[in-house]
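Every number here is computed from the coordinates shown, using simple stated rules; none is lab data. Note that the structure is a prediction, hence the values are computed from the model and not measured. Cβ sites come from the backbone with ideal geometry, for glycine too, and all protein chains shown count toward neighbours.
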Amino acid sequence: MSTTIILPLPPSDLKQGGAHAKADIATQERLVQWLDATVNSIRAACVEPVRVDLPDRTARDSESLSEELTAIFLHKSFNHQSRGRLSAVLPGFRQGLQSQIDAMRPLTLYFLYNGGYRASPFPQDPTPIFYPDQTELMLLRQISLLQARIKQKYAPGIDFVIVLNNGVAAYVNDISLEETSRYAKELRNIIESLGASRFIRVLLQSEVADFSSSQSKPGYRTLPKISQKEHSIVERFLGRPCSEQEASYRAWLYQIAETEWAKDLVPLVTRDHALLLRQVASSGMLSFRAFPGGAIRAQNGSLGFQEVDQTWVPKLISAETYSHYKIQTINWSLPLA
């Protein structure tokens, strides 16, 4: 029997959910109350001071404090990597924390998130999603929770930078810079409305680097075949079906674009004395869960919610996992004020 997942959709996108039944009224009310409570809890976390003995805590030895802060980043709430695979990452991460502690700066974190849009969760309608919704709300919840835990031990807290590589999206998949810039603007407005702009900001590639669809691209050439799974990923973010040749070509363009973007990003990270985080496990970078329990890139689809023991558990719905669930919808969108 399929697991029932409730998918919130804004009024403008209810047509996409037309193939699904609406959740019953009682279920709708329970989830809306939970989502609204989540919004309010983020607001409260952003305005209420953390009551701890900060002078003593921030004056302690930076090496021991960096160990305590590292333990927070490695907590299962935020990280999903096995400790064995982190052995090569942790020394540099601790050193980066220690240098920021020595300077009494907020811990600047660059989080590689998405290209200014997300893939559709609906196989029958691959149109990309260009607006923030409950998926981004869960990320902001994660960040506000991290801020609260860090500030209990380190007064300056965090400076969390959500990185959107929309230039890569434009170059590789012909994704409109206008659409992705609007996504970034809406995300910034949400952050501002939650009172979180003091410690969360958005870095948009098209605002800091000139690498976009306007750049010339190498012509088609014979390329190694990619797997069916890789082909599906290309189509997911392209927003339409494509041939095997086109999929291989765009996968190649992605490698080129990411290499160039890394060259632009490194100086920004260095300037801000920042540490890099990403959504999935990496041999050279710490992971950060984009939603509670998440160990996958959130841009693969949209978050729905499963009711478990009188609470709601986020589940990512993607074109790949869509058939695993019985999906019901509710009408809900993120408040901006």
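Test of understanding: ordering Lys153, Lys22 by Cβ neighbours within 10 Å, fewest first, what list do you get?
Taking fewest neighbouring Cβ atoms as first place, the list is Lys22, Lys153.
Over 21 Å apart: what share of the alpha carbon pairs of the range 103-189 falls there, rounded to a whole percent?
Within the range 103-189, distances greater than 21 Å cover 41 percent of Cα pairs.
Near the amide H of Lys22, under 5 Å away, which other amide H atoms are found, from residues 5 or more places off or on another chain, if H is placed in the peptide plane?
Sorted by chain and number, the residues that satisfy this are Thr329.
Using only C-alpha atoms and all pairs of different ones, pull out the Kirkwood radius for the chain in Å with one decimal.
Value: 21.1 Å, from the Cα pair sum.
Quick check for me: using +1 on Lys/Arg Cβ and -1 on Asp/Glu Cβ, what's the dipole size of the range 67-294 about its Cα centre, in debye to the nearest 20?
720
Tabulate in residue order the Karplus-calculated ³J(HN,Hα) for the range 243-258, using 6.51 cos²θ - 1.76 cosθ + 1.60 with θ = phi - 60°, rounded to whole Hz; enter x for Gly and Pro.
3J(HN,Hα) across the range 243-258, in whole Hz: 6, 4, 5, 5, 4, 4, 5, 6, 5, 5, 4, 4, 4, 4, 5, 5.
As a footprinting exposure proxy, order His75, His20 by other Cβ within 10 Å, with the fewest listed first.
With the fewest neighbours first, His75, His20 line up as His75, His20.
For Lys225, which lysines qualify as cross-link partners when the Cα separation must be under 24 Å and same-chain residues fewer than eight apart are set aside?
Of all the lysines, those that pass the test against Lys225 - Cα under 24 Å, at least 8 places apart if same chain - are Lys217.
Order these by the 10 Å Cβ neighbour count, fewest first: Cys242, Cys46.
By the 10 Å Cβ count, ascending, the order reads Cys242, Cys46.
How much of the DSSP beta bridge set in the chain is antiparallel, as a percent to the nearest 5?
If we restrict to bridges inside the chain, about 30 percent are antiparallel.
Quick one: 3J(HN,Hα) in Hz for the range 138-143, Karplus 6.51/-1.76/1.60 with θ = phi - 60°, rounded, Gly and Pro as x.
Along the range 138-143, the couplings run 5, 5, 5, 5, 4, 5 Hz.
For Lys185, give me every one of the aspartates and glutamates with a C-alpha distance below 19 angstrom, ignoring sequence neighbours fewer than eight places off in its own chain.
Qualifying aspartates and glutamates at Cα under 19 Å: Asp133, Glu136, Asp159, Glu207, Asp210.
Once amide H atoms are placed 1.01 Å from N in the peptide plane, what residues at a sequence separation of 5 or more from Ile5, or on another chain, have their amide H within under 5 Å of its amide H?
Amide H to amide H, under 5 Å and 5 or more residues apart or across chains, Ile5 pairs with Lys326, Ile327, Gln328.
Residue by residue through the range 66-75, what is 3J(HN,Hα) from phi via Karplus (6.51 cos²θ - 1.76 cosθ + 1.60, θ = phi - 60°)? Round to whole Hz and write x for glycine and proline.
Rounded to whole hertz, the list is 4, 5, 5, 5, 4, 4, 5, 4, 8, 4.
Let me check against my output: what whole-number percent is the relative contact order of the range 67-294, with C-alpha pairs under 8 Å and at least 6 apart?
Dividing the mean separation by the residue count of the range 67-294 yields 31 percent.
Along the charge dipole of the range 67-294, which of Leu74, Leu223, Ile162 sits closest to the positive end, that is, farthest toward it, with unit charges on the beta carbon of Lys, Arg, Asp and Glu (+1, +1, -1, -1)?
About the Cα centre, the residue reaching furthest to the positive side is Leu74.
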